[in-house]
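Everything on this sheet refers to the single structure shown next.
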Amino acid sequence: MRHQKKNRKFGREKTQRTALLRSLALSLVREGKIVTTEAKAKELRPYVEKLITKGKEEGIRTRRLTASRLGGSSVGAKGIQEIAARYLTRKGGYTRITKLSPLKSDGRKMALIEFV
């Protein structure tokens, strides 16, 4: 039974899921907005928002933490620091998910996730 299990599996093993989230988070930090499936966007939102909240704190520890969560990418860690600087007075809700029309080919629900 799946009681209290709120994460989506996406038909992948744990290492593949973490790689997927890292890849999506890094793309979001680099581009500012990405189009993906609705389920992936909903799973990505808390992952990125927690990184930004941590990135608001200054220090080497938070830079290393954000870099490790983004696959050791120093480019991503610097991006998180820059994004976090924009939201110093904001207490949460750094991202917005906008639903798009489903794909014609297979009917997947698509969504746009972007920074507010």
### Task
Could you please find all residues in the stretch 1-39 being open to solvent by less than 100 Å² (accessible area, probe 1.4 Å) and touching a strand residue (DSSP E or B) at 6+ places or on another chain (Cβ under 8 Å)?
24, 27, 28, 32, 34, 35, 36, 37, 38
### Query
Can you find a residue in the stretch 95-103 that is modelled with pLDDT of 95 or more, hydroxyl-bearing (Ser, Thr, Tyr), more than 25 Å from residue 6 (Cβ to Cβ) and open to solvent by 30 Å² or more (accessible area, probe 1.4 Å)?
yes
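Right, residue 71: assigned to a loop (DSSP other than H, G, I, E, B), open to solvent by less than 60 Å² (accessible area, probe 1.4 Å), at pLDDT 95 or above and of a type outside the set (Phe, Trp, Tyr) or not? Show your work before the answer.
Details: assigned to a loop (DSSP other than H, G, I, E, B): yes; open to solvent by less than 60 Å² (accessible area, probe 1.4 Å): yes; at pLDDT 95 or above: no; of a type outside the set (Phe, Trp, Tyr): yes.
Answer is no for this residue.
Name the one entry in 28, 21, 51 that is in contact with a Ser or Thr (Cβ under 6 Å, 6 or more places away or on another chain) and assigned to a helix (DSSP H, G or I).
Details: 28 fails: in contact with a Ser or Thr (Cβ under 6 Å, 6 or more places away or on another chain); 21 fails: in contact with a Ser or Thr (Cβ under 6 Å, 6 or more places away or on another chain).
Within the list 28, 21, 51, the selection yields 51.
In this structure, is residue 43 outside any loop (DSSP other than H, G, I, E, B), within 9 Å of the chain's Cα centre (by Cα), of a type in the set (D, E, K, R) and more than 25 Å from residue 88 (Cβ to Cβ)? Don't jump to the end; show me each part of the working.
Values: outside any loop (DSSP other than H, G, I, E, B): yes; within 9 Å of the chain's Cα centre (by Cα): yes; of a type in the set (D, E, K, R): yes; more than 25 Å from residue 88 (Cβ to Cβ): yes.
Answer is yes for this residue.
The values are calculated or read from the model by the stated rules, or taken from the named source; none is laboratory data. Computed from a predicted structure; not experimentally measured. Neighbour counts run over all protein chains shown; Cβ positions are idealised from the backbone, glycine included. Calculation scope for accessible area: heavy atoms of the full protein, side chains included, ligands and nucleic acids excluded. Shrake-Rupley method; radii C 1.70, N 1.55, O 1.52, S 1.80 Å.
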